[in-house]
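Let me begin by presenting the structure, written as structure tokens, before commenting on it.
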Amino acid sequence: MVKVITYGTYDMLHYGHIRLLERAKALGDYLIVGVTSDDYDKTRGKINNQQPLMERIAAVEATGIADEIIVEEYEGQKIDDIRRLGVDIFTVGSDWKGYFDYLNEYCKVIYLPRTEGVSSSEVRAERRKLRIGLVGTAVFRTKFINESKYVNGVDIAGIFATHRGDEPEVQDLFYTDKYAELLERVDAVYIISKPEKHYKHTKQALEAGKHVLCESPIAYTREECQELYALATEKNLILMDAIKTAYSTAYERLLLMAKGGKIGKVVSVDAVCTSLRDGISIEGTDLSKKWNSMCGWAPAAMLPVFQIFGTDYKAKVFYTKFQDKKENIDAFTKIDFVYPSGVATVKVAKGAKAEGELVIAGTKGYIYVPAPWWKTDYFEVRYENAEENKRFFYQLDGEGIRYEIVAFAKAVESGRNMSYVSEHISEAIAGVIEDFNDRKDMIELE
Ligand code: CTP
């Protein structure tokens, strides 16, 4: 019996795939099809699959051509499969010509001519693109523009801001200083205006029937935040809190480990986020244009606290050193949260520097994420007995922004909220910012 193996993603199965499978089968008596796992595709930079693994497997199965289906999960697996399954022939389309010659050592390698004129990328591209408008001038908008280029099916359609800005990335985009004009041309907006304007900009967009991805905090008060989510629900629109860290694979995994009991019961979470780059402490800086440390960093720093302990804390205290109290600019803020079974500390600063690490302590061990933890691809689970320590690495593309855009686009397309930051966490974040602005529970440092 001649065993043949072939691999692919088989997203939105098309006749090019079917023709390949038929010809692969004809090369022998038994056909094994390896379908790539979602994680493996993510690490290869294929982040735009429309269908999850199970659906792609079901589609290949439904062709009735494969005798066996396996999942391809890691780099180098092919050699393993070929040996283990006693494969005689490895085959793929000619788009891979030469790439798999190294497998000749283990079996025969055959490249089959690719069917002209069809590919999953084209099938995906035929769907109308999601037109996203940018609102505001925050510096990280250029990262968003660049990351959006990796995501199929989205298009940056223009900018609304008081001025266009000097970055080369924005020069060719449609620009307007009238919000209504931008809203007319887009399906959705990404809001990066100053935090005090988030509520107004989000509300206006939702009222105009546009989906919203908004930098955290979405509003300056808990009540306003709730109102916006209710409005989005009423209008069947997607409203997502843009905390990119939530979309980093390493962060997602360490969260699951912490919640899954890997370090016992969690007793404390300590998250530090600082940077001096924004220059708020430089003499003569126009602070009215700056985000304070709380809005710039605290939403990301509070994310692990709320995702692990929940949002129902018993007490909290801010320790704040203001740079300019009138402009509400804090150079440094530490927040202590007290929960029934644990405590958490968040330290954020734009006018002070500290090690930007995350430590989650439990009754059996702890999770350590080195700086800068909010865009990490690596963490360690550590125990008393160091021999049991484990290190974990995960691919991170575009600091999480790329995956965040994918989640947003998929949510808009499917009408289901796919945010990794749940509504009650967004609301709790807005609530903390509200208390900070009201100087509630605050001890001021000189
Ligand atoms: N294939 C083919 N003819 C096509 C498209 C794909 O013969 N028109 C083959 C590929 O060479 C590969 C297999 O089908 O051996 C699975 O391809 P996959 O990577 O899933 O599909 P593509 O349509 O090429 O996907 P994409 O556009 O996302 O790269």
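Just to confirm my numbers, what's the Cα centroid distance between the range 359-414 and the range 65-113 in Å? If we compute the Cα centre of each part, the gap is 32 Å. Can you bin the range 172-232 into rounded, prolate or oblate? Criterion: square roots of the alpha carbon gyration tensor eigenvalues sorted a ≥ b ≥ c, rounded for a/c under 1.5, prolate for a/b above b/c, oblate for the rest. Cα axes put the range 172-232 in the prolate bin.
Computed over Cα pairs, the Kirkwood radius of the range 127-279 leads via Stokes-Einstein (0.692 mPa s, 37 °C) to a diffusion coefficient of 192 µm² per second.
Taken over the range 330-375, the percentage of Cα pairs per 5 Å bin, counting from 0 up to the bin with the maximum distance, is 5, 17, 23, 25, 19, 8, 3, 0.
When the charge dipole of the range 305-430 is built from unit charges on Cβ atoms (+1 for Lys and Arg, -1 for Asp and Glu) and taken about the Cα centre, the candidate among Y403, Y366, S414 whose Cα reaches farthest toward its positive end is Y366.
Straight Cα distances below 14 angstrom link K290 to the aspartates and glutamates E196, D278, D324, E327, D330, with same-chain residues fewer than 8 positions distant left out. Model label sites at H424 and D67, defined 7 Å from Cα along the beta-carbon direction, differ in position by 5.3 nm. In the full protein context, the range 247-399 carries 44 Å² of accessible surface per residue, based on a 1.4 Å probe and ignoring ligands, DNA and RNA. Dipole size of the chain about its Cα centre, with +1 on Lys/Arg Cβ and -1 on Asp/Glu Cβ: approximately 80 debye, rounded to the nearest 20. Using only alpha carbons, the range 22-173 has a radius of gyration to Kirkwood radius ratio (Rg to Rh) of 1.11.
Peptides 256-266, 33-43, ordered by how many other C-beta atoms sit within 10 Å of their residues on average, highest first, read 33-43, 256-266. If you count Lys pairs in the range 308-446 whose Cα atoms are under 15 Å apart, skipping same-chain pairs closer than 8 places in sequence, the total is 16. When Rg and Dmax are taken over the Cα atoms of the chain, they come to 25.0, 81 Å.
Tell me whether the range 103-215 comes out rounded, prolate or oblate; compute the Cα gyration tensor, take square roots of the eigenvalues as a ≥ b ≥ c, and use a/c under 1.5 as the rounded threshold. Prolate, since a/c reaches 1.5 and a/b exceeds b/c. Surface composition of the range 19-103: carbon and sulfur atoms hold 49% of the protein heavy-atom accessible area at a 1.4 Å probe.
Charging the Cβ of each Asp and Glu at -1 and of each Lys and Arg at +1, and nothing else, the dipole of the range 224-335 about its Cα centre rounds to 480 debye.
Taking the dipole about the Cα centre of the range 22-140, with the C-beta of Lys and Arg at +1 and of Asp and Glu at -1, give me whichever of S37, N49, T137 is farthest to the positive side. So the residue furthest toward the plus end is T137. Could you tell me whether the range 228-367 comes out rounded, prolate or oblate from its Cα gyration tensor? Rule is a ≥ b ≥ c as square roots of the eigenvalues, rounded for a/c under 1.5, then prolate if a/b exceeds b/c, otherwise oblate. It comes out oblate by the Cα gyration axes. Placing +1 on the Cβ of every Lys and Arg and -1 on the Cβ of every Asp and Glu, with nothing else charged, gives the range 8-159 a dipole about its Cα centre of roughly 820 debye. Dimensions of the range 208-268 from C-alpha coordinates, computed as largest minus smallest value along each principal axis and given longest first, are 47, 23, 18 Å. Taking all protein chains in place and a 1.4 Å probe, what share, in percent, of the accessible surface of the range 355-446 do carbon and sulfur account for? The value for the range 355-446 is 45 percent carbon and sulfur by accessible area. Under 16 Å of direct C-alpha separation, and excluding same-chain neighbours fewer than eight residues apart, K78 reaches these aspartates and glutamates: D41, E68, D88, D101, E105.
The values are calculated or read from the model by the stated rules, or taken from the named source; none is laboratory data. This is a predicted model, so every value here is computed, not measured. Reconstructed Cβ throughout: ideal geometry from the backbone, glycine too, with neighbour counts over all protein chains shown. Remember, those area values only see protein heavy atoms, side chains included, never the ligands or the DNA or RNA. Shrake-Rupley method; radii C 1.70, N 1.55, O 1.52, S 1.80 Å.
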